[in-house]
Amino acid sequence: MRIFISTLMVAVAATLFLRQALKLYRFIRAGKPDNRFDKPAERIGDVLVFAFGQKRLLKRAYGGMLHALIFWGFCVLTIANGTLILRGFFGPEFNLPLLAMNEPLGAFYSIIKECFIVLVMIGVFMAVWRRVVIRPRFPEPSADALLILGLIWSLMVVELVWGAADVGVHLMSSLTPEEYTLMMRTHPITSNLYASFAGVAGGDPATLSAIREVSWWINLALVLGFGAYLPYSKHLHIITGIPNVYFNKKRPYGELTKLDLENEEYGISTLDQMTWKNYHDWLSCTECGRCTSVCPAFASEKPLHPKKISEQLREELVEHGQGVIDKRAGKEPTQELRVLQNSVPAVSEEALFACTTCRACEQACPVFIEYVQEIVDMRRYLVQVEGRFPQEVQRAFKNMENNSNPWGIGFSQRAEWAKDLEVKEMADEPGEIDVLYWVGCAGSFDERNKKVSMALVKIMRAAGLKFAILGKEEGCSGDPARRIGNEFLYQVLAQQNVETMNRYNVKRVVAACPHCFNTIKNEYPQFGGDYVVQHHSELIQDLMKEGKIKVRFGEATEATYHDSCYLGRYNDVYEQPREVLAATGMRLEEMDLSRERGRCCGAGGGRMWMEEHGVKVNDLRLQDALDLPKKPRVIASACPFCLTMMSDALGRKDLAGEIDTRDIAEIVADALVLENQVTTATPAS
């Protein structure tokens, strides 16, 4: 009878689990191809660090710790739960090989298991306290989450009851003194809990056996019920989360996919146009809200809500996934597959164009969900097929088409900033050069950022570098066009630039704009443009380390450094600018949101060319600096967009006279020790 009922329960649970799991698996299989099986060693390493090590979660102490306790506990208890099910077929005394009490491994596992039962219970208590008492904005209240927490708590309680009764049954049997001692040592929690059962059982082994048997059946029902419910609940990520970490993007984060425009690939508007990895992302969402909590658009009251994107697209997939399967099989789908519609407000036109593509959401996500590519793909459809985009962007598009810069200034004036500096152009046959200086649109046309270009020229000359610029042959890198969604315009610009640089046999490029730097480094290879590309912060640091430039360690200045998203989160350049600034005497105070947690200035993703209504992202970023214990005298940056946005925010607060905004190149250029200068300054330590 025990075997029959156990088999029936397992069969029912397995049927319910497999019914939904296989349905979701078929949906994933129907997604468009996306190779995520390269670099297996790196992927396994990511699983160990980020999934089992919980690295991203633990960056937030309270929420991370409670999740880690529950997760690690479940990892440990997986063996116990497997043994629990097998005891239905092989009897209550069954143990897996090497895990019997008298085996060294079994004794060790027993101790670890009992400790983790208590730790899981602590984690569950912390989670309930956080949701019911602390009540943070994210995650939102959820009956499903409380149900799951209740199930986990019940599992732990019943496991302890079973363990205490099992200890009692064994202690009342004819144990040798050595076996008795071993039992007490290997069951530190349940052996003490047994004392309370002894009074209930009245020293009767039969009563203890009955308690053990009843608790075993309850435990089995809870384990099987929990497993059967998982594919239908928000906790599906227990199954899909670890694989999603394994399948994380291994190509450069700054590389967007190249559309095949000749074959009429114009972006995404329907479910069937998305990849299997998109589907897997949605099914892996933990609904923790970390993505939305760090989103600068959401923080500034825009309609973008990254968590809702995953949730609502997951609902669309579950409801309409069969239509994807039908279409992939060549059948006419009977279900609506369009996602760019009012029924999916999270992917409305307003929400999509609010994104700054800063990747803060992706950096915060514990299961590596990828939002930026998904959002840009939907933008591409809106821009290229439906012509739906913010009205003011039209001017930027026309300016890039006609003059190859968003400002619309005549392209023939691109090198005007350098006319008094005698900077060589590639067309003048400068001879063998060390590096091509990619000036960028901001460095060429924006009055404020022309000063940065001049400062970098001064630095490179002081270092004795042979460099040249393209002058009027340089075009917009195309970053704004691509990220707004105008892939066609981007490809035209990129192809022209690559052809120009390849004609001059360019090998090495330096750029002061992180957007140009990222595009040339990570995306131009799609067009045959393979170059060694450095950001100017990297170049300056190298020149300092090699002793090619020297700087005065000036008066210590209270300052803070703002991380550019396309320099930091996209290309992992964090320390180089800071080391450069420290060498000049800048006493850097880190904002609470810095490095990989840095808040966007609001200009990325083409937002530089869009109107911003209501709360402005750059005002929020300025406030981060003003909230420092000591108000900085300088806000340093390494991006022309960031420099502009921070300057604008200071102007609105009438603080331009109190706080200066400067690029690191300007600061270094002012501190240069030239050959005919003598200094007695103390070098940076």
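The values are calculated or read from the model by the stated rules, or taken from the named source; none is laboratory data. Bear in mind that the values here come from a model prediction, so they are computed numbers and not experimental data. Quick reminder, even Gly has a Cβ in these numbers, built from the backbone with ideal geometry, and neighbours come from all protein chains shown.
Considering the conditions (1) crowded, with 24+ Cβ neighbours inside 10 Å; (2) closer than 16 Å to Arg448 by Cβ, Val668 is excluded by exactly one of them, (2). For first residues located in region 243-263 and closer than 23 Å to His515 by Cβ, partners that are assigned to a loop (DSSP other than H, G, I, E, B) and polar (S, T, N, Q) and lie 6+ apart or on another chain with Cβ distances below 7 Å form the pairs Gly254/Asn571.
Taking Arg87, is it of a type in the set (Lys, Arg) and part of a loop (DSSP other than H, G, I, E, B)? In short, no. Of all residues in region 589-600, those that are in contact (Cβ under 8 Å) with a residue 40 or more places away in the chain and touching a strand residue (DSSP E or B) at 6+ places or on another chain (Cβ under 8 Å) total 1.
Under the condition of being outside any loop (DSSP other than H, G, I, E, B) and more than 19 Å from Arg633 (Cα to Cα), the residues counted in region 579-610 number 6. Considering Gln496, Gln541, Gln491, the condition of being touching a helix residue (DSSP H, G or I) at 6+ places or on another chain (Cβ under 8 Å) and surrounded by fewer than 21 Cβ atoms within 10 Å (Cβ to Cβ) is satisfied by Gln491 alone. Of all residues in region 443-469, those that are in a loop (DSSP other than H, G, I, E, B) and touching a strand residue (DSSP E or B) at 6+ places or on another chain (Cβ under 7 Å) total 1. In region 391-437, of all residues being under 38 Å from the mean Cα position of the chain (by Cα) and among the β-branched types (Val, Ile, Thr), the one that is farthest from Glu349 (Cα to Cα) corresponds to Val435. Would it be correct to say that Met101 is in the same structural domain as Leu175 (by TED's automatic domain parsing), in contact with a helix residue (DSSP H, G or I) (Cβ under 8 Å, 6 or more places away or on another chain), over 22 Å from Gly289 (Cα atoms) and modelled with pLDDT under 90? Here the answer is yes, as Met101 does meet what is asked.
A Cβ distance below 6 Å, combined with a sequence gap of six or more or placement on separate chains, defines the contacts here; from region 342-367, residues that are without any contact (Cβ under 8 Å) to a residue 40 or more places away in the chain reach residues that are of a type in the set (Val, Ile, Thr) and part of a loop (DSSP other than H, G, I, E, B) in the pairs Val347/Val339.
Would you kindly identify the helices (runs of 4 or more DSSP H) lying entirely within region 611-680 that contain at least 2 residues that are in contact (Cβ under 8 Å) with a residue 60 or more places away in the chain and under 27 Å from the mean Cα position of the chain (by Cα)? Correct list: 617-626, 640-652.
In region 424-454, of all residues being of a type in the set (Asp, Glu) and under 19 Å from Ser412 (Cβ atoms), the one that is surrounded by the fewest Cβ atoms within 10 Å (Cβ to Cβ) corresponds to Glu447. A Cβ distance below 7 Å, combined with a sequence gap of six or more or placement on separate chains, defines the contacts here; from region 14-41, residues that are free of Cβ contacts under 8 Å to residues at least 12 places away in the same chain reach no residue that is buried (at least 18 other Cβ atoms within 10 Å of the Cβ) and of a type in the set (Val, Ile, Thr).
Okay, residues lined up against (1) among the hydroxyl-bearing types (Ser, Thr, Tyr); (2) in contact with a Leu (Cβ under 7 Å, 6 or more places away or on another chain):
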{"residue": "Thr356", "(1), (2)": "yes, no"}
{"residue": "Ala360", "(1), (2)": "no, no"}
{"residue": "Pro366", "(1), (2)": "no, yes"}
{"residue": "Ile375", "(1), (2)": "no, yes"}
{"residue": "Gln391", "(1), (2)": "no, no"}
{"residue": "Arg395", "(1), (2)": "no, no"}
{"residue": "Lys398", "(1), (2)": "no, no"}
{"residue": "Asn402", "(1), (2)": "no, no"}
{"residue": "Phe411", "(1), (2)": "no, no"}
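Checking each residue in region 340-383 for being assigned to a loop (DSSP other than H, G, I, E, B), at pLDDT 95 or above and farther than 19 Å from Glu612 by Cα picks out Arg359, Cys365, Pro366, Val367, Phe368, Ile369, Glu370, Tyr371. Helices (runs of 4 or more DSSP H) fully within region 96-208 that include at least 2 residues being within 30 Å of His305 (Cβ to Cβ) and in contact (Cβ under 8 Å) with a residue 60 or more places away in the chain: 104-129, 143-171.
Looking only at residues of region 321-336 that are assigned to a loop (DSSP other than H, G, I, E, B) and surrounded by 14 or more Cβ atoms within 10 Å (Cβ to Cβ), we find that the one that is nearest to the chain's Cα centre (by Cα) is Glu336. Restricting attention to region 132-175 and to residues that are β-branched (Val, Ile, Thr) and more than 28 Å from Met101 (Cα to Cα), the residue that is surrounded by the fewest Cβ atoms within 10 Å (Cβ to Cβ) turns out to be Val133.
One line per residue, one yes/no per condition, for (1) farther than 25 Å from Asn248 by Cβ; (2) in a helix (DSSP H, G or I):
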| site | (1), (2) |
| --- | --- |
| Ser6 | yes, yes |
| Ala14 | yes, yes |
| Tyr25 | no, yes |
| Ile28 | no, yes |
| Asp34 | no, no |
| Ile44 | no, yes |
| Gln54 | no, no |
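Within region 611-624, the residues that satisfy the criterion of being of a type outside the set (Asp, Glu), at pLDDT 95 or above and either more than 21 Å from Ala297 (Cβ to Cβ) or surrounded by fewer than 22 Cβ atoms within 10 Å (Cβ to Cβ) (or both) are Val615, Lys616, Leu620, Gln623.
Within region 574-600, which residues are buried (at least 23 other Cβ atoms within 10 Å of the Cβ) and either on the phi > 0 side of the Ramachandran plot or under 18 Å from the mean Cα position of the chain (by Cα) (or both)? Hits for region 574-600 are Gly598, Arg599, Cys600. What are the residues in region 72-98 that are within 28 Å of Val49 (Cβ to Cβ) and out of contact with any helix residue (DSSP H, G or I) (no Cβ under 8 Å at 6 or more places or on another chain), if any? Within region 72-98, Thr78, Gly82 qualify.
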